[in-house]
1. In nm, to one decimal, how far is the Ala285 label point from the Ser203 one, both placed 7 Å along Cα→Cβ?
2. With N denoting the number of residues in the range 211-356, provide Rg(C-alpha) divided by 2.2 N^0.38 Å, to two decimal places.
3. Could you list log10 I(q)/I(0) for the chain at q = 0.09, 0.10 Å⁻¹, which the Debye formula gives when each Cα is one point scatterer?
4. When we measure straight from the Cα of Lys305, which aspartates and glutamates land under 18 angstrom away, once same-chain ones fewer than 8 places off are left out?
5. Could you tell me the extents of the range 120-268's C-alpha atoms along the three principal axes, largest first, rounded to whole Å?
6. Give me the one-decimal nm value for the distance between modelled label points at Leu79 and Asp398, 7 Å along each residue's Cα-to-Cβ direction.
7. Amide H to amide H, which residues 5 or more places from Ala318 or on other chains are under 5 Å from it, using H placed in the peptide plane?
8. Run the numbers for Glu373 and Lys215: contour at 0.36 nm per residue of separation, minus the present Cα-Cα distance, in nm.
Amino acid sequence: MERRTFIKTASIGSAALLSSIYGQALPQDRKIKIGLIGAGWYGMVITKAALKVGGVEVIAICDVDTDHLKNSAEEVATLQGVRPQTFKYYQDLLDVKGLEAVFIGTPPHWHALQFIAACEKGLDIYCEKPLAYDIQEGLAMVKAARKAGNIVQIGFQRRQSAAFKKAKELIDGGTIGNVHQIAAQINYIPVPQDTTIQLPPASLDWEEWCGPAPKLDYRPNIAHKAWRLEKEYGNGHLVDWGIHLIDGIRLIMGETMPTEFYTTGGILELKNKITTPDTLTANMAFRKAPVVWQHRLWGTGDPNKEFNNGIFFHGEKASLFTGDSKIILYPAANDSKMEEISIPSVAMQENHVENFLNAVRAKDQSMINSNPEDAFRSTATVQLAMISHYTGSLVKWDATKNEIVDNKAASLLMKRDYRGKYKHP
């Protein structure tokens, strides 16, 4: 079979700006005034993406690490020619005169409070994924955004993948037939940081960094960047990185949320180095086809390295593998050959930020690619999979009521108690 008859070249259309349904569009030549909450690694990734896209001015930055704050402010000043105001506390940043939108780049345990506070100020929001740390936070964030009526984009930038879009086109068009099984994985070898309990750096206010989450004794392997595999802050690899593929599956298949979850795994090789599973298999009962997620943070990963990060869709006519920038098709017919096509997905991050900024400028929520309601579904899906793991039980989900069915132990994990002065939304 000829490649041109099996896979058509991916095309990327440009969407026309839609009329505003609740406000006047901003002049195209006026810069949007933005603020950054959380000026570490990824906070700066999304901020620099905004500056690269253009049409913005970063007027304020906040961070509880003075080194992050100083270095990021200097970098932004170099990039845009104007130094932003700097603050330690996000509440002070939200009060800056002229602020129109905020980028939230803090760890997930801080998202809810910062997001809701920004909604109450009427600000537009770009918030990193996952939407929230726990399910009840996510529901409160969706409610706050609905009440505010603001423009909100959640950082699922792989929704900009041309390969994902092509996979959806092929599946919707019947190329692989009826999809009966889906498998996803991201295998990689983390490099754990120092696990020795010690004083935090003088630049870091560890009390404020922990915020509403439990305040664990400081050690480098749970702090900056390394928090992703710490249960209390990042909740592990599936929630941090795997969520991109689960969101992609939902997008490609037109799914909502699974009705049942059963997850097994544990810390088999990285004991005393991380606190979330280095080995995991999560079974998710989506409506159209069951999904199996797996990861191994040790060993060789997938024997075929090109499958270490991606999704397999198995239909009766063919199996389709998609990563960020390629598709591979394996036709079921005996006389057919494997077909592979490279579909570069350059600038996914910049494109996702640009989608947000275009919506802000047009004052049009319908332009948003990843809204809070949809982000909640992807976030709650991986959270429920982890709840199944933590309770060692089958978890059933009622999406109509947004509650776990007949499982008291699992239901208790939908909400984590906040620490000290902080009030759970």
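Here, each number is a calculation from the coordinates, and none is a lab measurement. A quick note: this is a predicted structure, and the numbers were derived from the prediction, not measured. Note that each Cβ is placed from the backbone with ideal geometry, even for glycine, and that neighbours are counted across all protein chains shown.
1. 5.0 nm
2. Details: Rg = 18.0 Å, N = 146, 2.2 N^0.38 = 14.6 Å.
Against the compact-globule rule of thumb, the ratio is 1.23.
3. After summing over all Cα pairs, the log10 values are -0.57, -0.71.
4. Hits, sequence-local ones excluded: Asp324, Glu339, Glu340.
5. Result for the range 120-268: principal-axis Cα extents of 58, 45, 30 Å.
6. Between Leu79 and Asp398, the label points sit 4.6 nm apart.
7. It is Ala332, by chain and number.
8. Net length gain for the segment: 53.9 nm.
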